[in-house]
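Okay, structure first, notes after.
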């Protein structure tokens with residue numbers, strides 16, 4: 001199969017060890033550059049979970065384009081992903097709030113699990129960027145980043161308070177907290193992220 005990265009082309013045999021070979025190609029090609037691995041385009045399809053995809057399909061792969069980006073571009077991609085997901089999260093929060101207000105049951109509580117997963121995505125993305133080092137060189141508007149950071153911390157604190165409400169099983173308070181506290185923070189976060197894109 002053909003493997004492309006930056007301006008280089010490699011010929012790699014389709015076998016069980018291909019993932020290690022690809023990792024070495026990325027490492028050897030990007031060492032000493034500002035580039036980091038982003039994702040792969042395999043047979044024309046964007047693949048973000050490449051290990052699983054390649055392990056299952058390595059015999060059928062004809063071409064891999066390894067996409068590398070600067071850390072600044074990777075940060076923008078991450079923020080763009082969070083930005084795009086916030087609208088979905090807001091819609092989901094409102095739906096869950098409505099479920100708690102109308103007829104709270106086990107399913108309403110179970111819907112909180114994927115919601116917390118989405119919040120964890122926001123927190124993990126933020127922490128990944130925040131701890132990457134030299135942030136003022138990677139983010140164009142560091143003041144806007146600090147404003148976004150305040151909202152992430154605000155959301156984190158609100159979620160801690162929300163967990164206390166959940167322990168009390170006060171379904172009306174859960175419904176109210178979701179709409180009156182969580183949604184406004186998410187809306188502000190979206191505006192703050194927009195200024196970073």
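The values are calculated or read from the model by the stated rules, or taken from the named source; none is laboratory data. Predicted model only: the values in this text are computed from it and were never measured. Because the Cβ atoms are built from the backbone with ideal geometry, glycine has one as well, and the counts that use them run over all protein chains shown.
Let me confirm something: among 97, 128, which residue is exposed (fewer than 14 other Cβ atoms within 10 Å of the Cβ), touching a residue at least 40 places away in the same chain (Cβ under 8 Å), part of a helix (DSSP H, G or I) and in contact with a helix residue (DSSP H, G or I) (Cβ under 8 Å, 6 or more places away or on another chain)? Only one candidate qualifies: 128.
Scanning for something buried (at least 17 other Cβ atoms within 10 Å of the Cβ) and in contact (Cβ under 8 Å) with a residue 60 or more places away in the chain, does segment 4-20 turn up at least one residue? Checked against the condition, which is being buried (at least 17 other Cβ atoms within 10 Å of the Cβ) and in contact (Cβ under 8 Å) with a residue 60 or more places away in the chain, segment 4-20 yields at least one hit.
Answer yes if at least one residue in segment 106-118 is under 20 Å from residue 79 (Cβ atoms) and surrounded by 13 or more Cβ atoms within 10 Å (Cβ to Cβ), and no otherwise.
Yes, that holds for at least one residue.
Give the residue, chosen from 75, 113, 61, 86, that is over 24 Å from residue 22 (Cα atoms) and either in contact with a helix residue (DSSP H, G or I) (Cβ under 9 Å, 6 or more places away or on another chain) or not assigned by TED's automatic domain parsing to the domain that holds residue 179 (or both).
Testing whether each residue is over 24 Å from residue 22 (Cα atoms) and either in contact with a helix residue (DSSP H, G or I) (Cβ under 9 Å, 6 or more places away or on another chain) or not assigned by TED's automatic domain parsing to the domain that holds residue 179 (or both) leaves just 86.
In segment 62-87, how many are under 17 Å from residue 152 (Cα atoms) and either in contact (Cβ under 8 Å) with a residue 24 or more places away in the chain or in a loop (DSSP other than H, G, I, E, B) (or both)? Number satisfying all stated conditions: 11. Only a single criterion out of (1) under 22 Å from residue 124 (Cα atoms); (2) in contact with a strand residue (DSSP E or B) (Cβ under 8 Å, 6 or more places away or on another chain); (3) free of Cβ contacts under 8 Å to residues at least 60 places away in the same chain is not satisfied by residue 42, namely (1).
Quick check: anything in segment 50-61 touching a residue at least 60 places away in the same chain (Cβ under 8 Å) and surrounded by 10 or more Cβ atoms within 10 Å (Cβ to Cβ)? Scanning segment 50-61 turns up at least one residue that is touching a residue at least 60 places away in the same chain (Cβ under 8 Å) and surrounded by 10 or more Cβ atoms within 10 Å (Cβ to Cβ). From the list 178, 155, the one residue that fits, being in the same structural domain as residue 103 (by TED's automatic domain parsing), under 27 Å from residue 99 (Cα atoms) and under 17 Å from the mean Cα position of the chain (by Cα), is 155.
Just to be sure before I move on: is residue 146 in a helix (DSSP H, G or I), within 23 Å of the chain's Cα centre (by Cα) and exposed (fewer than 14 other Cβ atoms within 10 Å of the Cβ) in the structure I sent? Yes. I'm trying to understand the selection: among the residues of segment 24-35, which are part of a helix (DSSP H, G or I) and either loosely packed, with under 13 Cβ neighbours inside 10 Å or in contact with a helix residue (DSSP H, G or I) (Cβ under 8 Å, 6 or more places away or on another chain) (or both)? Of everything in segment 24-35, those that are part of a helix (DSSP H, G or I) and either loosely packed, with under 13 Cβ neighbours inside 10 Å or in contact with a helix residue (DSSP H, G or I) (Cβ under 8 Å, 6 or more places away or on another chain) (or both) turn out to be 24, 27, 28.
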